[in-house]
Every structure is written in structure tokens, then in C-alpha cells.
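Each remark here refers to the structure printed beneath this line.
The values are calculated or read from the model by the stated rules, or taken from the named source; none is laboratory data. Since the structure is predicted, the reported quantities are computational estimates derived from the model, not experimental observations. All Cβ positions, even for glycine, are placed from backbone atoms using ideal geometry, and neighbour counts span all protein chains on display. Areas reflect the complete protein model, heavy atoms only, side chains present, ligands, DNA and RNA absent. Shrake-Rupley method; radii C 1.70, N 1.55, O 1.52, S 1.80 Å.
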Amino acid sequence: MDALPATDRAVGIVGLGLVGSALAARLQAAGFTVHGFDLRPEARDALAAAGGRPADTLAALGAAVGTAVLAVFDTQDVLQVLEGTGDRLLGPGSTVRTVVDCSTGEPAALAALSARLAARGIGFVEAPLSGSSRQIAEGAATMLLGGDAATIAGCAPVFDAIAARRVHAGGAGMGARAKLATNLVIGLNRAALAEGFVFAEALGIAPAAFLELVLATPATSAAAEAKGAMMVSGDFAPQSRIRQHLKDVGLMLADAAAAGQRLPLSETHAALMRAAVAAGDGELDNAALLRQLRRERLADAPPLSMSSSEPKASDA
């Protein structure tokens with residue numbers, strides 16, 4: 001299987017949303033010529049305005065590059081892009097030698113896809129990124145790699161442009177497993193922070209004051225640093241979306257169930273996100289889970305007080 005030559009400076013991106021546009025900007029800044037495809041004309045126009053080369057079809061993109069980076073919603077989209085009927089990336093005339101999948105996907109399906117592509121002489125690397133689109137754009141995200149070492153080494157020029165921090169989790173399928181496991185912790189950290197905000201508000205602590213408390217105590221976290229100011233300001237312009245993380249948590253729960261493991265905190269988290277999506281917040285940043293918790297505040301609830309089951313000072 002051929003490695004990516006150092007002189008190959010043309011890279012294709014499929015999916016020009018939050019993540020795809022951040023990837024395009026980083027690759028362009030590193031001197032790559034970025035070709036891109038998205039179903040939305042406005043996304044292709046934005047790439048052109050930024051100096052990229054939009055393709056009108058997947059087939060045209062596949063004929064222009066040796067390495068293709070996928071930044072699509074889920075594994076079904078990956079399969080459709082690569083192996084679907086009609087317009088597809090790897091059709092006749094494709095020059096793609098290596099596919100890099102930056103989506104958060106289904107581990108077993110991606111491992112099977114990797115084997116099918118290897119039989120065609122095409123390398124496949126899972127490269128989901130741990131971090132928001134803003135962190136990706138800043139080069140601050142961590143890339144979680146799944147695939148064989150030789151193919152990963154051949155993609156080093158592309159990966160160097162995207163993320164300095166990289167972890168090779170193992171063979172095909174392990175990148176997705178690593179992303180799901182770490183995303184579980186990240187998502188619950190955000191949810192705990194949002195719950196802390198509403199609890200503090202119920203106690204009469206203003207949001208800005210609560211964030212200051214969190215950041216100054218062991219309660220602090222990367223979630224507080226990344227999302228706390230958004231929860232204070234109420235500006236939930238997306239860097240990552242609730243509906244996207246809900247998809248990821250669905251994968252976590254399915255894989256855990258297959259392994260015989262309950263994830264009770266993630267079950268609650270999923271229920272909160274489903275309610276947020278139903279309320280119309282699915283396209284907002286994950287920090288907007290705060291809005292759902294506020295909606296669930298009990299109407300006419302009495303002031304918080306010590307439960308009768310709690311020991312009182314006089315009981316000591």
C-alpha cells in the first residue's frame with residue numbers, strides 16, 4: 001500500500017460543516033491545496049471564498065486528490081460516500097489512495113470497511129478529533145488514530161497540519177472506540193457543569209459568580225474552561241452540537257449494551273439531550289444543555305431546604 005508522498009499537497013475534504021471547514025483552514029495554512037465537497041452549495045461557496053477548490057460531485061473530488069478526509073455525520077454517511085450507488089468518492093477514475101475518517105463512528109462497521117478498502121489497495125485511517133471545531137481550528141484538538149502503523153505514518157504530513165497531539169489507539173475500529181470512551185467523560189463533564197449552574201441559581205448564586213467559584217476550586221475542568229463562559233452569557237453559537245453528541249451517546253449505549261455494561265449516567269444524559277432536541281435546541285452548542293435543565297425546573301417549587309433524613313447540627 002503506497003504511503004502519501006511528501007510532495008502530494010492536494011487533499012480532499014468531504015463535509016464542509018464546523019469540523020470540515022476547520023480542517024480545511026488548517027490544511028491550507030500548512031500549504032496544502034484543499035479540494036472540498038458538500039451537498040450544500042453555500043458550504044462549497046465558502047470554501048472557494050477561503051481559497052479552496054470546491055468540487056460539484058464526489059466523483060470529481062475523488063479524481064483530484066490522493067488523500068481524502070471525511071468530516072461527515074456518521075458511519076452511514078461514510079459508507080454512502082465511499083461505497084454508495086451513484087455519485088461516490090471511490091468510483092471509476094478515482095485517484096484516492098488513502099481515506100482518513102474524522103467522524104465519530106461505529107467501531108465494528110469501520111473495521112469491516114477498512115478490510116474491504118485494503119483489499120482494493122486503499123488505506124483507511126480513523127482519525128476522530130477530541131475537541132470542538134474551535135479547538136480543531138486552533139490546532140488544540142487531540143487526534144485519536146485507528147489503523148495500521150504504516151498507513152498512519154504515510155499520512156504524517158496531513159496529520160501534522162491538523163493536530164500536534166495524536167494517540168494511536170490500535171487497529172481499525174479502535175479510533176472510534178477511543179473517541180466514544182473519551183467523549184463519554186467529556187459529555188458528562190459538560191452535563192455536570194450545566195447541572196451545577198442550575199443548582200447554584202436555585203441557591204441564589206449568580207452564574208458569573210458560580211463560574212468563578214468553579215474555576216477557583218477543585219470543581220474546575222476543561223469543560224468549565226471551554227463552556228463556562230457560554231453558560232454565563234447564554235451565547236450558544238455551535239462549536240459542537242447537541243444533536244451530534246446525542247448520536248455519539250447513542251453509539252456508546254449500544255456498544256455498552258452489547259458488552260453487557262450499563263451506563264446509567266449516560267442514559268440520563270441521553271434523555272436530557274433528547275428533550276433538548278425535541279425543544280428545538282439540537283443545532284445549538286452542547287453548552288445549551290443548560291437550557292433544558294432550566295426548563296425542567298419544578299414550577300412553584302419550594303425553596304431548597306435540608307431533607308428530614310439529613311442529620312442536623314443538633315443531632316451530632
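A few notes on this one:
- Split the accessible area of segment 120-189 by element, probe 1.4 Å, and carbon with sulfur accounts for 57%.
- Centroid-to-centroid separation of segment 142-192 and segment 211-254 [C-alpha atoms, Å]: 20
- Trypsin sites (Lys or Arg not before Pro), loop per DSSP, at most 14 other Cβ atoms within 10 Å - longest free stretch of the chain: 121-261
- For the chain, size of Cβ-based charge dipole, Lys and Arg +1, Asp and Glu -1, in debye: 300
- Cα centroid separation - segment 265-282 against segment 44-74, whole Å: 32
- Label point at Ala115 placed 7 Å out along Cα→Cβ; residues across segment 151-181 whose backbone nitrogen lies under 16 Å: 171-174
- For segment 97-240, the spread of Cα positions along each principal axis, largest first, Å: 63, 28, 27
- In segment 143-225, the alpha-carbon atoms span a convex hull of 100 Å³ per residue.
- The residues of the chain present an accessible area of 46 Å² per residue when probed at 1.4 Å with all protein chains retained.
- The radius of gyration of the Cα set in segment 221-304, together with its Dmax, comes out at 14.3, 43 angstrom.
- In nm, spacing of pseudo-spin labels at Thr33 and Leu203 (7 Å Cα→C-beta vector): 6.0
- Ratio Rg/Rh [Cα only; Rh per Kirkwood] for the chain: 1.04
- Exposed loop sites here mean GluC sites (Glu not before Pro) with a DSSP loop assignment and at most 16 other beta-carbon atoms within 10 Å; the chain contains its longest site-free run at 139-282.
- Semi-axis lengths (Å, descending) of the ellipsoid that matches the C-alpha gyration tensor of segment 168-282: 28, 16, 14
- Rounded to 5, the percent of DSSP beta bridges in the chain classed as antiparallel: 15
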